[in-house]
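What follows draws every value from the coordinates through simple rules; no lab data is involved. Because the structure is predicted, anything quoted here is derived from the model rather than measured. Virtual Cβ from ideal backbone geometry, glycine too; neighbours counted across all protein chains shown.
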Amino acid sequence: MDGPLAITAMVALSAFCAALVLKLLFLKRELKSLRSQSPGRPVQPQAKDDSTRSAPDSANGNEIQYRKKLLNSLIDGVILLDGQNRIAFVNNSMKKMLDVDDSYIGLSLLEAFRSEELVKLTDTIRSGGSVVGYEYEVAGLQDKFFRINGSMGEESRPLQPTITLVFHDLTLTRQYERQRQDFVANVSHELRTPLSMISGYIETLLGGAKDNPETLEKFLAIIEKHTNRLTWLIEDLLTISSLESGGITLRIDKRQAAAAVETVIEELTEKASQRKMSFDVSIDSSIVVEADNGRLHQILVNLVDNAIKYGQPSSSIRISAAVDEDPEFVRFDINNRGPVIQTDVKERIFERFFRIDAARSREQGGTGLGLAIVKHLVQLHGGKVQVNSSFDQGTTFSFTIPSVTSSS
């Protein structure tokens, strides 16, 4: 079943279950009343002592508690309203969704939520009997989205009709939709730029520039550069897709932290020397991690390569590894002297395609996916990744990987 159809089915099922529970409880009470009267025999008058009067009250109390227990077991939020549109009950899921408590009981919807929209919705339900699939948004620091199903019900007093409102939380679904839209837009933009450059230079060459050997060599070098960028982008997109779909399985093995870093430095020394940058490594040879060697290499290459790209020329890149505060993990730190990353940016720096300096990143050959891949790979190992940046300490990317002590 497709995603939207599955969500619609779940919402309808939740509303149906809530209404069915209320209806069954009402029928159960009526059936109990009928069974108390034997066929062909007159109804015996009830005694008027205190013990007889308390029995129905006790049974009713048990029924109410049973009803509350059932409603509290629902994943969707439920609000019950009395005949004056005042809140009679809020289940546990609803309390979590909108951060409310029992102090809201007895308040009108307008008093509780300051929402004319909900008041109009209940008016619609009272006039029409029900509302299905109503979209409702709660604005705030983090917008929340709900699909509301509402229906009328009747309690033991016919003149006091109640309304059942069932809230299905769509917030995560909407966030995923926005992320998917942003992803498609970003991919389209990232692909369009190198493709248009390649197309333009090829057109120029075919127009006669190929006859000039110097121009030909220059243009071919540019075409190669943008072709490589396309290749890196597609590879990173495939990696991200595999990570997010759970298609990557780690092959865990023991690896010396110092050896893993040394391999990366050997690979990137020439690139660092072009910017007159050096490496300062501080890792004890006794530190051993349990990781997928290929994925650990990918994490380190991404972070060290970024340190080279964005660090100040003629500066030093400090790389260290030590047992973390949690002894089951080893903490790697990669520090460079580059531009300070502001606090508001640090929250987004691991997002797909997010760049602090988009123009410089593209010029350096970045795809905007490297840090997102790092985050996914670290989390796949059960570790964490973070960044700290200041004028006096520079920028440090840190991540944790399980230590051999975690399984010994």
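Data for the structure
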quantity	calculated
Separation of the N92 and V323 label points, Cα + 7 Å toward Cβ, nm	4.0 nm
Globularity ratio of segment 171-248, using Cα Rg and 2.2 N^0.38 Å	1.54
Burial ordering of Y136, Y104, fewest other beta-carbon atoms within 10 Å first	Y136, Y104
DSSP beta bridge pairing in segment 200-334, given as percent antiparallel to the nearest 5	60 percent
Additional length obtainable on full extension of the chain from L206 to K120, 0.36 nm per residue less Cα span	24.3 nm
For segment 78-92 versus segment 251-306, the gap between their alpha-carbon centres in whole angstrom	60 Å
Distance in nm between pseudo-label sites at D344 and S199 (7 Å out along the Cβ direction from Cα)	3.6 nm
Sorted peptide list for 83-92, 190-199, criterion being average Cβ within 10 angstrom, highest first	83-92, 190-199
Estimated FRET transfer efficiency when R0 is 41 angstrom, pair L380-R67 (beta carbons, to 0.05)	0.40
P(r), alpha carbons of segment 249-408 - 5 Å bins starting at zero, rounded %	2, 9, 19, 23, 21, 15, 8, 3, 0, 0
Length-normalised contact order for segment 208-299 - Cα pairs under 8 Å, 6+ apart - percent	34 percent
Förster-model FRET efficiency, 35 Å R0, Q274 and Q179, C-beta, rounded to 0.05	0.45
